[in-house]
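Following: one structure in C-alpha cells, then a few remarks.
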Protein chains: 2
Amino acid sequence: MVSAAEQSLNVLCRKLETIGALTPQERQAIAGLPATVRVLSAGQDIARDGDRSGQCCLVLQGWACRYKLLSRGRRQIFSFHIPGDIPDLEGLQRPVMDHSVATLTKATIACISHEALRELIATHPGLAAIFWRSAFIDAAVLRAWMLGLGRRSAFENMAHLFCELYLKLRAVGLAGDGRCPMPVTQVDLGDALGLSNVHVNRVLQTLRGQKLVSLQNSTLVLEDWQALVRISEFDPAYLGLER
Amino acid sequence: MVSAAEQSLNVLCRKLETIGALTPQERQAIAGLPATVRVLSAGQDIARDGDRSGQCCLVLQGWACRYKLLSRGRRQIFSFHIPGDIPDLEGLQRPVMDHSVATLTKATIACISHEALRELIATHPGLAAIFWRSAFIDAAVLRAWMLGLGRRSAFENMAHLFCELYLKLRAVGLAGDGRCPMPVTQVDLGDALGLSNVHVNRVLQTLRGQKLVSLQNSTLVLEDWQALVRISEFDPAYLGLER
DNA sequence: CGTTGTCTTGACTGTTATCAATTGACGTGG
DNA sequence: CCACGTCAATTGATAACAGTCAAGACAACG
C-alpha cells in the first residue's frame with residue numbers, strides 16, 4: 001500500500017519542521033521516499049552493534065532507543081526516539097554500527113535505503129542542511145545527558161529528562177497540557193540515567209511526594225513545570241526547537 | 001604571515017586524513033583557508049555558552065575542551081580536543097553555543113569564518129562527506145563517554161579514556177611507543193569522568209600500583225595495553241580511524 | 001623566597017548499588 | 001472462571017563506591 005507508506009512519512013516532515021521550514025517540493029520528495037514498513041513488538045532489536053545494514057530506520061509509531069551493552073548485563077541507553085526520529089541516520093556515513101537500536105514499545109518502523117536518502121539529500125540542499133542540524137541537535141542532547149550522568153544527582157537528572165522528553169513530544173504534537181506518554185519501564189529509565197531500577201523507583205516516589213511529577217500507566221504528568229525547571233537547571237535552548 | 005598560517009593548517013589535513021583520503025585539490029583548498037591565529041594561555045575560554053560567534057576554531061597546538069557549568073561550581077567536560085580538531089564545527093549549523101570551549105593548556109588556535117568553511121564544503125563534496133563523518137565520530141566518542149559515566153566504574157572508565165586518547169593522539173602523529181602527552185590536571189580529568197579530584201588521585205594511584213599506566217609530568221605511559229583494553233572493555237571501532 | 005596552583009592524604013559522610021523478597025497487574029490456557 | 005506464569009513495581013536491609021572537608025606536601029614560577 002503505497003499511500004499508507006506515503007501517509008506515514010508525514011511524521012518525518014512534522015519532525016523536520018521542528019528544525020526548519022520545508023518547501024512543498026521537499027515535502028513531496030520525502031513523501032515519495034521508498035520505504036518498507038515493519039511492525040515490531042517491544043524490546044526487539046532493529047539494528048545491532050556491529051551490523052552493517054544499508055538502510056536507515058524511521059520511527060513511525062511507538063518509541064525506540066539506542067543503547068550499548070557491557071559485561072555483567074550493564075546497559076546504557078544513549079537516546080530515546082519518538083515518531084519522526086531516525087535513530088541511525090549516521091549509518092549514512094558510518095555503515096558499521098557501534099551500538100544497537102531497539103524498540104521500547106510495540107512500534108512501527110519505516111526502513112529507507114541509504115541510497116534513497118543520499119539521493120534525497122544530494123538533490124535537496126535545504127534538506128541536507130536540516131539533516132545536518134538534526135544530527136547536531138542529537139549531539140547536543142547527548143551532551144545534556146552526559147552532564148546529567150556526570151554531574152547531576154539522580155533526582156535532578158530525572159527531572160531534567162522529563163522536561164526534555166515533554167518538550168520533544170510536544171514539538172511533534174504528541175503531548176500537551178502538562179502531560180505526555182512515557183511508555184518506558186523503570187529499568188529503561190535507569191539504563192538511560194545510569195541508575196539501578198531500585199533507585200529509579202525511589203526517586204520517582206520522591207518526585208511524586210514533592211508534587212513535581214507523577215508517572216502512572218505510562219503517562220507522565222508534570223505537576224509543577226517551574227519547579228522542575230529550577231531543580232534540574234533545565235534550559236531548552238539545546239533542543240533547537242523552532243518557535 | 002600567510003605562509004605560517006598555511007603551514008599550520010596542515011594539522012587539519014593530517015586530522016582529516018585519519019578519517020578519509022584527501023585529493024591534492026582538497027588539500028590545497030584547505031591550505032588556502034583564511035585563518036586568524038591566536039595564542040592563548042591555559043584555562044582561557046575560546047567560546048562561551050550562549051555566544052554567537054560567526055567562526056570556528058581549529059586547534060593548532062595544545063589541548064582544548066568543551067564543557068558546561070552547573071550550579072555550585074560543578075563542571076562537566078564533554079570532550080578533549082587535540083591539534084587538528086575543530087571543537088565547535090557545529091557552530092556552522094547552530095550559531096548559538098549551548099556550551100563553552102576552553103583551552104586546557106597554552107594553545108594556538110586558528111579562527112576560520114563560517115563563511116569560508118561553508119564555501120569550502122559547498123565546493124568540495126568530498127570534504128563535506130569527511131566533515132559529516134567527523135561530526136558523527138565526535139558523536140560516537142560522546143556515546144563512549146556516556147557509557148563510561150553511566151555504567152563503568154571510575155577505574156574502568158579512566159582506563160578507557162586513556163586508551164581512547166592514546167589512539168587519537170597516535171593517529172595524528174603525537175604519540176607512539178606506549179606513551180603520549182596528557183597535559184591535563186587531575187581536576188580536568190575528574191570533570192571529564194564525573195569524579196572528584198580526590199577520587200581521581202586515588203584511582204590514578206591504583207592504576208599505577210597495578211602497573212597499568214603511570215601519569216607523571218604530563219606524560220602518560222601505558223604499561224600494559226592488553227590489560228587496559230580488557231579491563232575497560234575498550235573497542236577502538238568507534239573512533240573510526242583509517243589504517 | 002614567597003605565592004600559587006596542584007597533588008596527596010586521612011577521616012568521615014552520603015548517595016546509590018546490590019541482594020532478596022513481596023506485591024500487583026496482566027494475559028493465557030485449562 | 002480460576003490457576004498459573006510472567007513481568008513490572010515496590011520494599012527493606014546492607015554494602016560499596018565515591019564525595020566532601022580539611023590539612024599538609026610539593027613544585028613551578030615570578
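Derivation of every value follows stated rules applied to the coordinates shown; laboratory data play no part. A quick note: this is a predicted structure, and the numbers were derived from the prediction, not measured. Ideal geometry is used to build each Cβ from the backbone, glycine not excepted, and the neighbour counts take in all protein chains shown.
Here each label is just a point 7 Å from Cα along the line to Cβ, and for A:Ala42 and B:Arg230 those points are 4.0 nm apart.
Applying 1/(1 + (r/R0)^6) with R0 = 22 Å to the Cβ-Cβ distance of B:Thr185 and B:Thr206 gives a FRET efficiency near 0.75.
For A:Lys15, a cut-off of 12 angstrom between C-alpha atoms picks up these aspartates and glutamates, skipping any fewer than 8 places away in its own chain: A:Asp85, A:Glu242. The same position A:Thr206 in the other copies lies at 2.5 nm from this copy, comparing label points 7 Å beyond Cα toward the beta-carbon, shortest first. Spatial offset of the stretch B:21-38 relative to the stretch B:196-243 amounts to 34 Å, using the alpha carbon center of each.
With a Förster radius of 41 Å applied to the C-beta separation of A:Glu223 and B:Asn197, the computed FRET efficiency comes to 0.60. With a 10 Å cut-off around each Cβ of B:148-155, the average count of Cβ atoms from other chains is 6. Projecting 7 Å from Cα along the Cα-to-Cβ direction, the label point of A:Val96 sits 4.0 nm from its equivalents in the other copies, listed shortest first.
Assuming R0 = 45 Å, can you tell me the calculated FRET efficiency for the pair A:Leu241 and B:Leu174, based on Cβ-Cβ distance, to the nearest 0.05?
Numbers: r = 39 Å, r/R0 = 0.88.
Plugging the Cβ-Cβ distance into 1/(1 + (r/R0)^6) gives 0.70.
Here is how the number arises for chain B: DSSP H runs of 4 or more residues each give -39500 (n - 2.57), the sum is divided by the residue count, and the result at 222 nm is -13500 deg cm²/dmol.
Projecting label points 7 angstrom from Cα along Cα→Cβ for B:Arg74 and A:Ala29 puts them 4.3 nm apart. Counting only other chain Cβ atoms within 10 Å of each residue's Cβ, the peptide B:97-110 averages 1. Taking every residue in B:73-85 and counting other chain Cβ atoms within 10 Å of its Cβ, the average works out to 2. For A:Lys211, the lysines whose Cα comes closer than 23 Å to its Cα, not counting residues fewer than 8 places off in the same chain, are A:Lys168. Using the Cβ of B:Gly209 as centre and a radius below 14 Å, the other residues enclosed give a net charge of +1, where K and R count +1 and D and E count -1. Here the gap between A:Arg14 and A:Leu167, fully extended at 0.36 nm per residue and compared with their Cα-Cα distance, gives a gain of 53.6 nm.
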